Amino acid sequence: MNKKHFTIATLSAVVLALSLTACGGKKESRVDADGTLHGEISLSGAFALYPLAVQWANEFQKLHPDVKIDVSAGGAGKGVTDAIAGVVDFGMVSRDLSAAEEERGAVGFAVAKDAVVPTINSSNPVYNDLKKHGITRDDLVALWIKGEKKTWGQVAGTSDATPIVVYTRSDACGAAETWALYLGKKQEDLKGTAVYGDPGLAAAIQKDLNGLGLNNIGYAYDTKTGKPNPGIAVAPIDVNGNGQIDPEEDFYDTKEGVIKAISDGRYPSPPARDLYFVSNGVPTDPVVVAFLEYILTDGQKENEGQGYIEIPQDKLDAGLKKLKGN
């Protein structure tokens, strides 16, 4: 987006923003006569969106150097809470909003798509067996929900009696909620050792030879190489339940392969999901509006490079329409 060209919705928001500033109700934001933006934007929430949001912020600030953007991670639950309370301009949320959250004023804009994957230690003794046979949804339910399967042999179809150490998230987050939804439950139903944050859970798997966790693909794979992060392997899901990983199910060796599988529907949804920017009501601050317009238009080209998937054009158009009050 050229910094000197904005929609009518962006410019018309200036009057309201300045009036709020005059009343002491909001930080100052303005658009100069030449189209230069001045102001601050704050975001908090989902670890899943954090790397992409930082990239968007960096690129937007190159276009608009007089805009300051602060991005902090802390889980989707914190993002929603902060957005509704007006503590931040946008909460980063890695799940759909609940009806109760929408009733409290939360408005969501789909900005990217990714997925949650089951992760294990790359040196796990049964990894090669899992690559052949996969892990079924029933296995995952037995592990995270029912607590019925206890050893790696029970999952891999071998005699290995090594206990499985199941991990989950301690923070209210979209990754765990989405994973639980895939298993037919809610985050609080997930069993396992609770660890805070995506980075923390990834680190736990890297250290535990017998660990089984769940991670957003952005933390399971290295952004630069596209390979799984050191010490981490992704356990392939036997989606059709035929006891083997078929060619169309064999895509976990690279992030690019997983992204393609998410795009064409070979990886189930959930745990593939949309990621959202959430605000308290439709934004009116001209700087905040301009940032969101950038994300829903030119900013989408950053998604693939950061290991995310672009939102379909119809959803982007719906977001823009919502932002303009139509």
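The values are calculated or read from the model by the stated rules, or taken from the named source; none is laboratory data. What you see is a predicted model; the values in this text were computed from it and never measured. Ideal geometry is used to build each Cβ from the backbone, glycine not excepted, and the neighbour counts take in all protein chains shown. What goes into the accessible areas is simple: the full protein's heavy atoms, side chains included, and nothing from ligands, DNA or RNA. Shrake-Rupley method; radii C 1.70, N 1.55, O 1.52, S 1.80 Å.
Taking the criterion of being crowded, with 17+ Cβ neighbours inside 10 Å, in a loop (DSSP other than H, G, I, E, B) and without any contact (Cβ under 8 Å) to a residue 24 or more places away in the chain, would at least one residue in the range 256-264 satisfy it?
Checked against the condition, which is being crowded, with 17+ Cβ neighbours inside 10 Å, in a loop (DSSP other than H, G, I, E, B) and without any contact (Cβ under 8 Å) to a residue 24 or more places away in the chain, the range 256-264 yields no hits at all.
Name the strands (runs of 3 or more DSSP E) wholly within the range 166-250 that hold at least 2 residues that are open to solvent by less than 30 Å² (accessible area, probe 1.4 Å)?
Hits in the range 166-250: 211-216, 232-234.
Let's see how each residue does on (1) of a type in the set (G, A, S); (2) in contact with a helix residue (DSSP H, G or I) (Cβ under 9 Å, 6 or more places away or on another chain); (3) modelled with pLDDT of 95 or more:
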site	(1), (2), (3)
I84	no, yes, yes
F90	no, yes, yes
A100	yes, no, yes
R104	no, yes, yes
A110	yes, yes, yes
V116	no, yes, yes
D139	no, yes, yes
E148	no, yes, no
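Please go through the range 83-108 and give me each residue that is surrounded by fewer than 24 Cβ atoms within 10 Å (Cβ to Cβ), in contact (Cβ under 8 Å) with a residue 60 or more places away in the chain and more than 17 Å from C173 (Cβ to Cβ), ordered by number.
Scanning the range 83-108 gives A85, G86, G105, V107.
Here is a yes/no grid of residues against (1) touching a residue at least 12 places away in the same chain (Cβ under 8 Å); (2) assigned to a helix (DSSP H, G or I):
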site	(1), (2)
E28	no, no
A33	no, no
G39	yes, no
L43	yes, no
L52	yes, yes
Q55	yes, yes
N58	no, yes
S72	yes, no
T81	no, yes
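Condition check: of a type in the set (S, T, Y), open to solvent by less than 40 Å² (accessible area, probe 1.4 Å) and within 26 Å of the chain's Cα centre (by Cα). Does T119 satisfy that?
On the way: of a type in the set (S, T, Y): yes; open to solvent by less than 40 Å² (accessible area, probe 1.4 Å): yes; within 26 Å of the chain's Cα centre (by Cα): yes.
Judged against the criteria, T119 is a match.
Six or more apart or on different chains, Cβ under 8 Å: which pairs go from a residue in the range 151-164 that's free of Cβ contacts under 8 Å to residues at least 24 places away in the same chain to one that's of a type in the set (S, T, N, Q) and assigned to a strand (DSSP E or B)? Could you list them?
Filtered contacts from the range 151-164: A161/T151.
Does the range 274-295 include one or more residues that are assigned to a helix (DSSP H, G or I), of a type outside the set (A, V, I, L, M, F, W, C), open to solvent by 10 Å² or more (accessible area, probe 1.4 Å) and at pLDDT 95 or above?
No, the range 274-295 contains no residue that is assigned to a helix (DSSP H, G or I), of a type outside the set (A, V, I, L, M, F, W, C), open to solvent by 10 Å² or more (accessible area, probe 1.4 Å) and at pLDDT 95 or above.
In the range 138-165, how many are in contact with a Leu (Cβ under 7 Å, 6 or more places away or on another chain) and open to solvent by 50 Å² or more (accessible area, probe 1.4 Å)?
Residues in the range 138-165 being in contact with a Leu (Cβ under 7 Å, 6 or more places away or on another chain) and open to solvent by 50 Å² or more (accessible area, probe 1.4 Å): 1 in total.
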